[in-house]
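Structure provided below as structure tokens; questions to follow.
The values are calculated or read from the model by the stated rules, or taken from the named source; none is laboratory data. In this text the structure is predicted, and so the values were computed from the model without any measurement. Here the Cβ positions follow ideal geometry from the backbone for every residue, glycine too, while neighbour counts run over all protein chains shown.
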Amino acid sequence: MTTTSTATKPMRVLQRVVFPLQPDQDIMPLYAEGRQGASAGPTSASNSSPAPTSALRQGNSQVLSRRCYKIKALSRTSFGTYFNAFPAAYWRKWTTVTQVRLSVTVTGSGSLFVYRSNARGNLYRIESERFTDAAAQELVFTLPLSTFADGGWYWFDIVAGDDDIILERAQWEAPSERPQGTVTIGVTTLNRPDDVVALLKQIAADDHLLDIVDRVTIVDQGTKHPDDAEGFDEAEAALGGRLRMIRQANLGGSGGFSRGMSETIDEGVSTYHLVSDDDVRTEPEGILRAVAFADLARRPTVVGGHMFSMFDRCHLHSMGEKIQPWRFWWGPVMEDFPDGHHLDLHSLRSTPELHRRIDVDYNGWWMELIPVTVLRQLGLSLPFFIKWDDAEYGLRAKTADIPTVSLPGVAAWHVPWTDKDDSLDWQAYYHERNRFVSALLHSPFHYGGRLVRESLYHQIRHLLSAQYSVAELRNEALEDLLGGPEHMHAELDTRLARIRATRSEYDDARVTKDPGAFPPVRRKKVSKHGDAARLPTNRVGIIAMAGLGAVKALLPPKKLSRQHPEAEIAAMDARWWLLARFDSSVVSTADGSGAAWYKRQPQQFRALFARSLELHQQLLREWPRLAKQYRQAQRVIVGQAAWKQTFERTDAVMAAKEAEATSATNAATASEAPAS
């Protein structure tokens, strides 16, 4: 055990060992992993860690408090877990920390083992200490960060003998004289009052977090308000005057986040602004860690949090994101786990891929800490409404040599996008336009690399699939793009209404949740497989089906297909080459809540295809001019002055509408009053 402490600098807590805010066995593998009947183990050095277990086989009584934990007699608990292991490689790369001190206070007798890993996921036992005093005792280990250039973690295990052991507290510390930063948490919400109240209660539940929170700003853009929800008054009181509520028109995620950023800049108190979604559950300790990391960073650094699935609580859904430059498309930074990783099935210690340091292009705005100095330097979000605002901001920061770090142990639980396909609903417009705007600003290639060609390919697939509403919205997105950047602020509060009106004109956008709303499947010619729509089993079959669909696209549809769908197709099977095979089909939505009746319309196909081709050709011709135009305008568009004009304009419109509604209500009430 190393107990030397020659540093004269005060110790800064980097990371506390914590346990869930509420008893929840679903997420215990993220905090502690144990096994029963373990011996105290060898006391000599060893290059291997005990075999990791996938779940904690202990009752709720083991968690005694937020920081206190009981290890039962003759059992072993490892804290080499997502929330309690120390991500040494990230601290070595991005901060001034060169060594950490592990301080553990225990009561009872047993053994403590300290482990580290390297970037390959190899595990090494580096320290051990037996303790026998029944009274509380502090064990201290000073650990260098010199061997973590490419990856690796520190953690510790505790093994109990014949009696129970109480872990009173444990934390990772480092000497530092840098001042303690403070944070404003900015939450954007739209009609999720209960989620907001739950989030506020989680923030208020941690006294250490409240010590560094200056303000919690809720930007409410909906008609169902958090302050009307049950439990709001209690949550507000627990925050001790830190809560600020702002109501504004629906300006999308980018409008809500930018309002919060702007308020933080104007208040001039906080060191950092934390961007947060409303529909998340957070680990408050993660916010403390993000602030500590940013305080000790070598230069101003954006610190992002990972995302766990709200439904499958140990499913690590995102460890950060990247942009593929040639395609200019986002994707998970961990190619080994494109769909995420289940830490309840395969622990951190048993997953070598998680031990290499993972560097990102950007972090999702479900949770991200941004220094206020960076906000002043880079500006606020682009007025995108929704989609690509976080990605573009990360690329903007990267261009300015401001790193984004997605830090393990900083995380929120959020609804995953695996059960969604928002590229097929009203958001298709924003996906297309904002991707192109981001590429015009940041693509390193003349003419955007493969982006224009890929966009046209996708457009043709939507048309062959009879997804005409999607194709129309994508065309409108390119038309607005070609009109120049001024439209983004000007139409931020009005474009969505026009998008919804456009969608209402198309069959594929008319989703019903009634399973009996559609006529039964019928078609004149039935295949040998019956009525069931079947995907081809090989590439030849796919090509053949796609070719048939392309030919059919211009032919008149069968009359029977207007009265009866020819197939029912599950969302997971709704590939363009299968949809193109039918004159009409009922297609489920990705979330399973409804379905729409797609109908092939050759005239719509021809008109949309011709317009799509012309728009993409025009975009290629004008790319150099557009890139110059958008880049010259960027600084103004993301600036506080432009955003404040938008806030003032839309606030005035909202106030006028509310006054008109109040007047109408009063007039109706007066007309119903009995004559005197």
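Considering each of Asp336, Asp295, Asp361 in turn, give the residue that is of a type outside the set (Lys, Arg), farther than 30 Å from Asp194 by Cβ and either assigned by TED's automatic domain parsing to the domain that holds Asn122 or under 15 Å from the mean Cα position of the chain (by Cα) (or both).
Step by step, each of Asp336, Asp295, Asp361 is checked, and only Asp361 is of a type outside the set (Lys, Arg), farther than 30 Å from Asp194 by Cβ and either assigned by TED's automatic domain parsing to the domain that holds Asn122 or under 15 Å from the mean Cα position of the chain (by Cα) (or both).
Residue by residue through the range 440-475, note down the ones that are on the phi > 0 side of the Ramachandran plot and in a helix (DSSP H, G or I).
Tyr447, Gly448
All but one of (1) outside any strand (DSSP E or B); (2) touching a residue at least 60 places away in the same chain (Cβ under 8 Å) hold for Ala610; which doesn't?
(2)
Just one of Val291, Val269 is touching a Gly at 6+ places or on another chain (Cβ under 6 Å) and β-branched (Val, Ile, Thr); which is it?
None of the others qualify; the one that does is Val291.
Among (1) in contact with a helix residue (DSSP H, G or I) (Cβ under 7 Å, 6 or more places away or on another chain); (2) modelled with pLDDT under 95; (3) part of a helix (DSSP H, G or I), where does Val540 come up short?
Of everything listed in (1) in contact with a helix residue (DSSP H, G or I) (Cβ under 7 Å, 6 or more places away or on another chain); (2) modelled with pLDDT under 95; (3) part of a helix (DSSP H, G or I), Val540 misses just condition (1).
Looking at Glu648, Glu566, which one is acidic (Asp, Glu) and within 20 Å of Pro519 (Cα to Cα)?
None of the others qualify; the one that does is Glu566.
Additional query: Taking Ala466 as the residue in question, decide whether it is among the aliphatic types (A, V, I, L, M), crowded, with 24+ Cβ neighbours inside 10 Å and under 28 Å from the mean Cα position of the chain (by Cα).
When the stated conditions are applied, Ala466 does not pass them.
Can you tell me which residue among Ser585, Ser593 is surrounded by 22 or more Cβ atoms within 10 Å (Cβ to Cβ), hydroxyl-bearing (Ser, Thr, Tyr) and more than 22 Å from Asn475 (Cβ to Cβ)?
It is Ser585.
Continuing with the same structure: Can you confirm whether Leu382 is crowded, with 24+ Cβ neighbours inside 10 Å and in a loop (DSSP other than H, G, I, E, B)?
Yes: the conditions hold for Leu382.
Say we look at the range 387-446 and pick out the residues that are closer than 30 Å to Arg298 by Cα and acidic (Asp, Glu); which of these is surrounded by the fewest Cβ atoms within 10 Å (Cβ to Cβ)?
It comes out as Asp401.
Considering only the range 227-275, state which residues are in contact with an Asp or Glu (Cβ under 9 Å, 6 or more places away or on another chain), among the basic types (Lys, Arg) and more than 21 Å from Gly181 (Cα to Cα).
Arg247, the sole residue that qualifies.
Looking at the range 3-33, which of the residues that are exposed (fewer than 13 other Cβ atoms within 10 Å of the Cβ) and among the hydroxyl-bearing types (Ser, Thr, Tyr) is modelled with the highest pLDDT?
Selected residue: Thr8.
Here's a follow-up. Check whether at least one residue in the range 173-194 is outside any strand (DSSP E or B), touching a helix residue (DSSP H, G or I) at 6+ places or on another chain (Cβ under 6 Å) and surrounded by fewer than 18 Cβ atoms within 10 Å (Cβ to Cβ), and report yes or no.
Yes, the range 173-194 has at least one match.
Quick one: which residue in Glu267, Glu236 is outside the structural domain of Arg16 (by TED's automatic domain parsing) and crowded, with 19+ Cβ neighbours inside 10 Å?
One residue alone meets the criteria, Glu236.
Could you please let me know if Pro284 is in contact with a Leu (Cβ under 6 Å, 6 or more places away or on another chain), of a type outside the set (Gly, Ala, Ser) and surrounded by fewer than 23 Cβ atoms within 10 Å (Cβ to Cβ)?
yes
Also, I was wondering about something else. Would the range 653-660 turn up any residue that is in a helix (DSSP H, G or I), in contact with a His (Cβ under 9 Å, 6 or more places away or on another chain) and surrounded by 11 or more Cβ atoms within 10 Å (Cβ to Cβ)?
No - not one qualifying residue is present in the range 653-660.
When you scan the range 215-305 for helices (runs of 4 or more DSSP H) that lie fully inside it, which ones turn up with 1 or more residues that are farther than 25 Å from Pro383 by Cα and out of contact with any strand residue (DSSP E or B) (no Cβ under 6 Å at 6 or more places or on another chain)?
Because the criterion is at least 1 residues that are farther than 25 Å from Pro383 by Cα and out of contact with any strand residue (DSSP E or B) (no Cβ under 6 Å at 6 or more places or on another chain), the helices (runs of 4 or more DSSP H) in the range 215-305 that meet it are 232-238, 284-295.
Residue under question is Ala149, and the condition is that it be farther than 19 Å from His355 by Cβ and either of a type in the set (Gly, Ala, Ser) or crowded, with 17+ Cβ neighbours inside 10 Å (or both); does it hold?
Against the criterion (farther than 19 Å from His355 by Cβ and either of a type in the set (Gly, Ala, Ser) or crowded, with 17+ Cβ neighbours inside 10 Å (or both)), Ala149 does not qualify.
Is it the case, given these coordinates, that Val374 is part of a loop (DSSP other than H, G, I, E, B), at pLDDT 95 or above and surrounded by fewer than 24 Cβ atoms within 10 Å (Cβ to Cβ)?
no
Going by the structure shown, is Arg120 touching a Pro at 6+ places or on another chain (Cβ under 8 Å), at pLDDT 95 or above and among the basic types (Lys, Arg)?
Yes.
Just to be sure I understand, how many residues within the range 223-248 are at positive phi and either in contact with a Ser or Thr (Cβ under 7 Å, 6 or more places away or on another chain) or touching a residue at least 24 places away in the same chain (Cβ under 8 Å) (or both)?
Residues that pass the stated criteria total 2.
Suppose we keep only residues that are aromatic (Phe, Trp, Tyr) and outside the structural domain of Thr282 (by TED's automatic domain parsing) within the range 310-333. Which one would you say is surrounded by the fewest Cβ atoms within 10 Å (Cβ to Cβ)?
Trp326
Separate question: Output the qualifying pairs, or none if there are none: Cβ atoms under 8 angstrom, residues six or more apart or on different chains, first residue in the range 497-521 and in a loop (DSSP other than H, G, I, E, B), second residue at pLDDT 95 or above and among the aromatic types (Phe, Trp, Tyr).
Tyr506/Tyr468; Arg510/Trp597; Phe518/Trp597
Something else now. At negative phi and in contact with a strand residue (DSSP E or B) (Cβ under 6 Å, 6 or more places away or on another chain): is that true of Val197 in this structure?
No: the conditions fail for Val197.
So, one more: Could you check, for the range 84-91, whether at least one of its residues is at pLDDT below 95, in a strand (DSSP E or B), surrounded by 22 or more Cβ atoms within 10 Å (Cβ to Cβ) and under 28 Å from the mean Cα position of the chain (by Cα)?
Checking the range 84-91: not a single residue is at pLDDT below 95, in a strand (DSSP E or B), surrounded by 22 or more Cβ atoms within 10 Å (Cβ to Cβ) and under 28 Å from the mean Cα position of the chain (by Cα).
Run down Val114, Val140 and say which single residue is over 20 Å from Val63 (Cα atoms), free of Cβ contacts under 8 Å to residues at least 60 places away in the same chain, more than 31 Å from the chain's Cα centre (by Cα) and assigned to a strand (DSSP E or B).
Going through Val114, Val140 in turn, just one is over 20 Å from Val63 (Cα atoms), free of Cβ contacts under 8 Å to residues at least 60 places away in the same chain, more than 31 Å from the chain's Cα centre (by Cα) and assigned to a strand (DSSP E or B): Val114.
Pull out all pairs, ordered by first then second residue, where Cβ-Cβ is under 6 Å, the residues are six or more apart or on different chains, the first lies in the range 364-379 and is touching a residue at least 12 places away in the same chain (Cβ under 8 Å), and the second is of a type in the set (Ser, Thr, Tyr) and part of a strand (DSSP E or B).
Met367/Ser276; Leu369/Tyr272; Pro371/Tyr272
Scanning the range 511-524 for residues that are among the basic types (Lys, Arg) and over 13 Å from Ser585 (Cα atoms), which turns out modelled with the lowest pLDDT?
Looking at the filtered set, the residue picked out is Lys524.
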